[in-house]
Amino acid sequence: MQQQVTLAPGQSQQVAFNVVPQATGVYQVNLDSLSGTFTVMGVEEQSLYTGWIGISQSPSFPRWGQKLTIPGRTITRLGIRLSRTPYTEGNITFTIRRTSDDSILQSKVWGNANLLPLHPSSILAEVIFDNPVLIAGEVYILVENPNPQLVYLYGTNYDIKPGECMADYGWWPDEGRFRYSDNGKYDLAYRYTYI
């Protein structure tokens with residue numbers, strides 16, 4: 001079936017195509033004298049949640065998220081299921097950090113936490129990274145907020161994704177240092193998009 005579209009100079013029209021690519025990536029499109037590109041994205045997610053964890057985003061525990069391995073993908077979006085208390089505020093940042101040295105691979109401010117829905121309602125809060133980079137290896141995908149307010153993370157209270165687990169970063173007074181703590185009994189509700 002063919003579709004014909006006639007445009008005058010300065011006019012534009014959205015046209016839908018039924019294309020079935022074999023893999024994620026950027027594809028070139030040529031239509032007579034018109035050309036362009038379209039991108040096919042892949043999605044990795046753990047969308048189930050059986051409960052929530054109220055996290056005090058205090059200076060003692062400023063980061064919460066999921067530890068996982070990304071196998072050589074350019075991450076374009078990151079979403080984590082969240083909600084808030086009535087008095088939560090302060091910017092929330094979504095960050096991807098390398099587990100080996102805690103270096104930041106991607107980071108973007110989502111916005112003020114007071115824009116999240118009130119608990120028990122929740123949303124998959126999502127950012128689109130400005131400059132996506134190729135990530136290969138074990139990382140933490142994190143919600144970061146140094147303000148001492150309560151934010152709710154959603155996930156499962158059992159291990160649903162082998163090789164992944166919920167994690168937090170905080171101050172351990174008995175050790176006198178900040179460090180990550182992995183909890184293999186829980187998995188965070190998240191989604192990332194990649195090419």
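Every number in this text was worked out from the coordinates using simple rules, so none of it is lab data. Note that the coordinates shown come from a computational prediction; the quantities given were computed from them, not determined experimentally. Here the Cβ is made from the backbone with ideal geometry for all residues, glycine too, and neighbour counts use every protein chain on show.
For this structure, a couple of remarks:
- Per-peptide average of other Cβ atoms within 10 Å, ordering 109-122, 67-80 highest first: 67-80, 109-122
- Here the calculated FRET efficiency for THR39 and GLU175, from their Cβ-Cβ distance with R0 = 35 Å, stands at 0.20, rounded to the nearest 0.05.
- In this simple spin-label model, placing a label point 7 Å from the Cα along the Cα-to-Cβ direction at both ASP130 and LEU118 gives a separation of 3.4 nm.
- Pairwise label distance in nanometres, ASN91 with SER103, each label 7 Å out on the Cα-Cβ vector: 2.3 nm
- Highest mean packing first, where packing is the average number of other Cβ atoms within 10 Å per residue, the peptides 85-96, 173-184 line up as 85-96, 173-184.
- Shape call, the range 43-194: gyration tensor on alpha carbons, a/c limit 1.5: rounded
- Among MET166, MET41, the ranking by other beta carbons within 10 Å of each residue's beta carbon, starting with the fewest, stands as MET41, MET166.
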